[in-house]
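**Q** I am attaching a structure below and will ask some questions about it afterwards.
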Amino acid sequence: MDQATKLRQMMDTKEKQDKARVIAVTSGKGGVGKTSLSVNLAIEISKLGKKVVIFDADFGLANVEVMLGIRPKYNLLDLFHNNMSIEDIITSGPNEIGFISSGSGVSELASMDYDSIKLLIKEMGKLDKLYDVVIIDTGAGITDSVMEFVMVSPEILLVVTPEPTSITDAYSLLKVLRRKEEFNPMYKTINVVSNRVTSQDEGQDIYSKMNTVSSKFLNTKLQYLGDIPQDKSASMAIIEQKPVCIAYPNSVASKGISNIASKLMNEDVTEYTSKEGIAKVFFDFLKSRRKSKR
């Protein structure tokens with residue numbers, strides 16, 4: 001029996017266990033508010049009674065900890081090099097959310113040996129028991145690690161702003177994703193959030209244009225979660241290193257994020273959402289990484 005088969009059997013034994021809902025938050029370019037949305041969305045979802053953890057997959061930049069104003073003591077590499085458990089490396093954030101720093105760990109995943117992979121899958125499986133929702137804050141753009149995380153996540157949240165470059169880069173991300181052999185849009189939910197818009201009509205228009213070209217040329221339909229208005233409170237919160245939902249809970253930006261969280265957690269939506277769990281997402285990610293490095 002080869003190692004891949006053994007790992008697959010290990011995954012199969014988790015089939016009857018509760019699994020976390022995994023949402024990858026991504027964008028075609030940087031500077032569109034992706035990490036800010038990840039952090040504030042986690043807080044707003046926690047207010048709805050869900051246990052949420054953020055996995056900071058944007059290694060090297062550590063934007064999640066900057067947004068929260070909290071420096072984690074440990075990161076993903078401590079699982080392998082310092083014999084720690086997943087619980088040990090989770091940093092506590094506001095509203096009882098957790099977050100995990102990848103450090104430079106993601107870049108090392110492709111070269112891990114079998115025992116390390118087995119350990120990672122086992123530890124990630126614990127998150128499925130500890131949390132209801134896992135938010136993966138990916139890097140921006142279409143680098144290999146970003147695309148691999150997006151490709152294997154059952155739910156994708158694509159952040160776009162009215163800037164023409166943001167829209168074209170978001171479409172480029174979808175185009176690269178669609179070319180991946182392993183990607184099947186039939187089994188994915190791709191949600192669009194229009195950020196920093198001046199009106200609801202502007203947000204809707206951004207989505208409509210993207211959905212039209214994506215449906216026509218990529219045979220991939222998108223869903224619209226809503227918009228977040230342009231708001232100076234969001235910029236002020238970043239400077240203060242506090243989530244806008246906590247620093248300025250009555251701001252229009254906070255209310256927009258709250259509405260998006262409510263839509264995501266709507267029971268009618270959740271009922272039809274695939275809950276594959278974070279352990280399987282990482283299993284598929286590792287498989288993709290190793291395949292791409294051959």
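**Q** Among Val160, Gly139, Tyr171, whose Cα lies farthest out toward the positive end of the dipole of region 123-181, if unit charges sit on the beta carbon of Lys, Arg (+1) and Asp, Glu (-1)?
**A** So the residue we want is Tyr171.
**Q** Another question, if that's okay. Among the trypsin sites (Lys or Arg not before Pro) in region 192-278, which ones are in a DSSP loop with at most 13 other Cβ atoms within 10 Å of the Cβ? Mind listing them?
**A** Qualifying residues, ordered by number: Lys221.
**Q** Also: How high is the FRET efficiency from Glu96 to Asp205, r the C-beta distance, R0 25 Å, rounded to 0.05?
**A** After rounding, the FRET efficiency stands at 0.10.
**Q** About the Cα centre, and with charges only on the beta carbon of Lys, Arg (+1) and Asp, Glu (-1), how big is the dipole of the chain? Nearest 20 debye, please.
**A** Dipole magnitude for the chain comes out near 580 debye.
**Q** Turning to a different aspect of this structure: Work out how much length Val66 to Glu182 would gain on full extension: take 0.36 nm times their residue separation and subtract the Cα-Cα distance, in nm to one decimal.
**A** Taking 0.36 nm per residue and subtracting the Cα distance, the gain is 38.4 nm.
**Q** When only C-alpha pairs under 8 Å and at least 6 residues apart count, what is the relative contact order of the chain, in percent?
**A** That works out to 26 percent.
**Q** Among all stretches of the chain without exposed GluC sites (Glu not before Pro) (DSSP loop, at most 12 other Cβ atoms within 10 Å), which one is longest?
**A** On the way: sites that count: Glu15, Glu87, Glu181, Glu182, Glu271.
After excluding every exposed loop site, the longest remaining stretch is 88-180.
**Q** Here's something else I'd like to know. Restrict the search to region 37-95; then list the chymotrypsin sites (Phe, Trp or Tyr not before Pro) that DSSP places in a loop and that have at most 14 other Cβ atoms within 10 Å of their Cβ.
**A** Here no chymotrypsin sites (Phe, Trp or Tyr not before Pro) fit, given the DSSP loop and packing criteria.
**Q** May I pose another question? For the chain, what is the mean residue ellipticity at 222 nm derived from helices alone (per DSSP H run of n ≥ 4: -39500 (n - 2.57); sum divided by total residues; nearest 500 deg cm²/dmol)?
**A** After summing the helix terms and dividing by residue count, I get -14500 deg cm²/dmol.
**Q** With Cβ to Cβ distances under 13 Å as the rule, what net charge do the other residues near Gly30 carry (K, R +1; D, E -1)?
**A** Once all neighbours under 13 Å are counted, the net charge is -2.
**Q** For the chain, which semi-axes, largest first and in whole Å, follow from the square roots of 5 times the eigenvalues of its Cα gyration tensor? Walk me through the intermediate numbers first.
**A** Working: eigenvalues 168, 102, 60 Å².
In descending order, the three semi-axes are 29, 23, 17 Å.
Every read-out reported here was derived from the displayed coordinates using simple, explicitly stated rules and does not represent laboratory data. In this text the structure is predicted, and so the values were computed from the model without any measurement. Neighbour counts are summed over all protein chains in view; Cβ atoms, including those assigned to glycine, are modelled from backbone coordinates with ideal geometry.
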